[in-house]
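For reference, the structure is listed below as C-alpha cells.
Read-outs: derived from the displayed coordinates by stated rules, not from any lab. All figures in this text were calculated on a predicted structure; none of them were measured in a lab. Cβ sites come from the backbone with ideal geometry, for glycine too, and all protein chains shown count toward neighbours.
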Amino acid sequence: MATQYARPGEATGLTKWVGWVLFTGVVMMVSGLISLIQGFVALFDDDFYLVKAESLAIDLSYTTWGWVLVAFGVMLLGAGYAVMFGYTWARFLALIVVFVHAMINMTFLASYPIWSIIAIALDLIAIYAIAVHGAEGKLLRRSERE
C-alpha cells in the first residue's frame with residue numbers, strides 16, 4: 001500500500017527524530033562491520049596487531065578475541081537492523097550489546113588503537129540515540145503499514 005503523506009499543517013505522528021533512529025541503525029551496522037573486520041584480522045593474521053595478545057588488558061589469544069569480535073559484529077548487524085524499526089526488544093538488546101562492545105574495544109585498545117577508538121565512538125553515538133530517541137522507530141514502522 002502506498003504511503004500517504006500529510007498535508008501541510010496535519011499531524012502525521014512522525015517527528016524529525018525518526019532520522020536519528022535510522023542513523024543509529026546504520027551506525028550500529030557500521031560498528032558491526034568494523035568489529036567483523038577486527039575479528040577476521042585477529043583470526044587470520046596475529047602479526048598484524050601492535051602488541052602480543054598477552055599484553056592486552058585481558059590475557060586471551062587473538063583467536064579468542066577474533067571469535068568474540070566476530071560474534072559481536074553479527075549481533076550489532078542484527079540489532080542495528082531491528083532498531084531501525086523500533087522494536088522494544090531490539091532497543092533493550094542493542095543497549096546491552098553496544099555497551100559490552102564498547103567495553104570489549106576498550107580492552108582491545110592496545111592492539112590496534114585506531115579501529116578501537118572508531119568503534120567506541122560509534123558505540124557511544126548509538127547508545128545516546130537509542131536511549132533518547134529509540135522509540136521513534138515505532139512511528140516509522142506504523143506509518144509504513146498504513
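Okay, here's what the table says:
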| read-out | value |
| --- | --- |
| Residue-by-residue Karplus 3J(HN,Hα) for region 34-41, coefficients 6.51, -1.76, 1.60, Hz, glycine and proline x | 4, 5, 4, 4, 4, x, 5, 5 |
| Order of Leu50, Leu109 - criterion: other Cβ atoms within 10 Å of each residue's Cβ, fewest first | Leu50, Leu109 |
| Scattering curve values for region 20-145, log₁₀ I(q)/I(0), Debye with Cα scatterers, q = 0.10, 0.11 Å⁻¹ | -0.31, -0.37 |
